[in-house]
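All remarks here apply to the structure that follows.
Bear in mind these aren't lab numbers, they're just calculated from the coordinates by the rules spelled out. Remember, it's a predicted structure, so these values are computed and weren't measured experimentally. Ideal geometry is used to build each Cβ from the backbone, glycine not excepted, and the neighbour counts take in all protein chains shown.
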DNA sequence: TTGGATCCATTTTTGGATCCCA
DNA sequence: TGGGATCCAAAAATGGATCCAA
């Protein structure tokens, strides 16, 4: 009988659940869940995140809503290396190419998603078998004034370029805390976007991502330690 | 071995294929296609249309493109009663609620879809078992000046109302040739639309439909006769 | 190291239309 | 009778992310 709890009724309850997972292996969680651990994540890239959604009682699949709807909290798994540093960027959301230019950061999906985030640390080193990887400490984060300011700067720069129809000139190099990278099935995927003249044309779908250096700073500020 | 022809290379070839189907039953086409005929269309409302797409070599599933892409021709099955009159309205396309107001009829999806249409007449009387219903004569149609004028009048009236955010006040009664009706899973479905203040709100998805009286007039003008 | 590319499951949208009760 | 409601399959979008070559 899989463990599938109801949504947590308070932040405290969610926090307590998340802390109780620290130290457990993915194999342990998978057994509780009644699912099997994939050998590699290559063909199951979202597996860890979805496993934790079920275990923590996130209301799955809700669209443009926080994972814990009633609490306004977003869940993100954060894979770290042996030194406790994030080894991947963190996907935030896809970019609505047609209307993003007219949106202020304060009203944006990025701001809403990041308003309150439960980061669950997970071992992510490639040489640890997926089944043996352990859950670490959780971290409940809201952007500090400084972090918010960094994100807003990146938002203004990046959406400005997109609004001028110059998204094709954006590379992952832009942005200090947040970057724009492809978010698609493959490099041939296209969706509707704007060109330099404001005409609707086919563009590669892209998303906003938090840089690993940014989430690393968050962990350090909170004194989140490496797993022993 | 199902009959699945390549796309027709010319209008003449498509016309010839369509004419060769006249008189055949849906059971006959289904056998050729390697599929089975549903008892009722209640749970297979698009079945006849999709059967004919495959039989005529339409490039299936292409988005916002004519069914016969290279030829610029759209395929529509047209169910008729025993007197040869259309017994249903004809769906044209869904309504992009956010941008439809700024579009001139000449540039609209409606105009593009209807630029050249292959109507394939099919018996549609409910008391004829689906399997026994026969294909009738095809008709290649482009709007006459008068028909185009009628459609443009309806377009201007309907999109004007939508642009003012008053789509909730539109009923199927409006429009002489073309009307706006729900196009959704059910009456609870919602997508993004505009309210009276231009604010994005949840609205029922709707589509443009040609009235049966309009397609009836097209058949009569072309002397398309009832099936014997 | 990391920016560009890619992978899966699930939900939403689109395109094919017909049903059915007031 | 026909306007409002509904049905299905397939494609596209979204949300979960990690892979990997330079």
Mind checking whether some residue in the range A:91-106 is in contact with a strand residue (DSSP E or B) (Cβ under 8 Å, 6 or more places away or on another chain), crowded, with 17+ Cβ neighbours inside 10 Å and over 30 Å from residue A:168 (Cβ atoms)?
no
Filter result for the condition that a residue is surrounded by 14 or more Cβ atoms within 10 Å (Cβ to Cβ) and on the phi < 0 side of the Ramachandran plot, over B:16, B:20, B:25
B:25
Taking the stated definitions as given, is residue B:134 away from DNA strand D (no atom under 13 Å from the Cβ), in contact (Cβ under 8 Å) with a residue 60 or more places away in the chain and surrounded by fewer than 21 Cβ atoms within 10 Å (Cβ to Cβ)?
yes
Condition first: in contact with a strand residue (DSSP E or B) (Cβ under 6 Å, 6 or more places away or on another chain) and in a loop (DSSP other than H, G, I, E, B). Now tell me which residues in the range B:174-189 satisfy that.
B:183
Scanning the range A:48-64 for residues that are touching a residue at least 24 places away in the same chain (Cβ under 8 Å) and near DNA strand D (Cβ under 8 Å from one of its atoms), the one surrounded by the fewest Cβ atoms within 10 Å (Cβ to Cβ) turns out to be A:64
Which one is farthest from the other protein chains (Cβ to nearest Cβ), of the residues in the range B:89-107 that are in contact with a helix residue (DSSP H, G or I) (Cβ under 9 Å, 6 or more places away or on another chain) and within 12 Å of DNA strand D (Cβ to nearest atom)?
B:89
Just to check your reading of the model, which residue among B:146, B:50 is closer than 30 Å to residue B:2 by Cα, out of contact with any helix residue (DSSP H, G or I) (no Cβ under 9 Å at 6 or more places or on another chain) and part of a helix (DSSP H, G or I)?
B:50
Considering every residue within the range A:170-193, establish whether at least one is more than 14 Å from residue A:95 (Cβ to Cβ), within 15 Å of DNA strand C (Cβ to nearest atom) and surrounded by 15 or more Cβ atoms within 10 Å (Cβ to Cβ).
yes
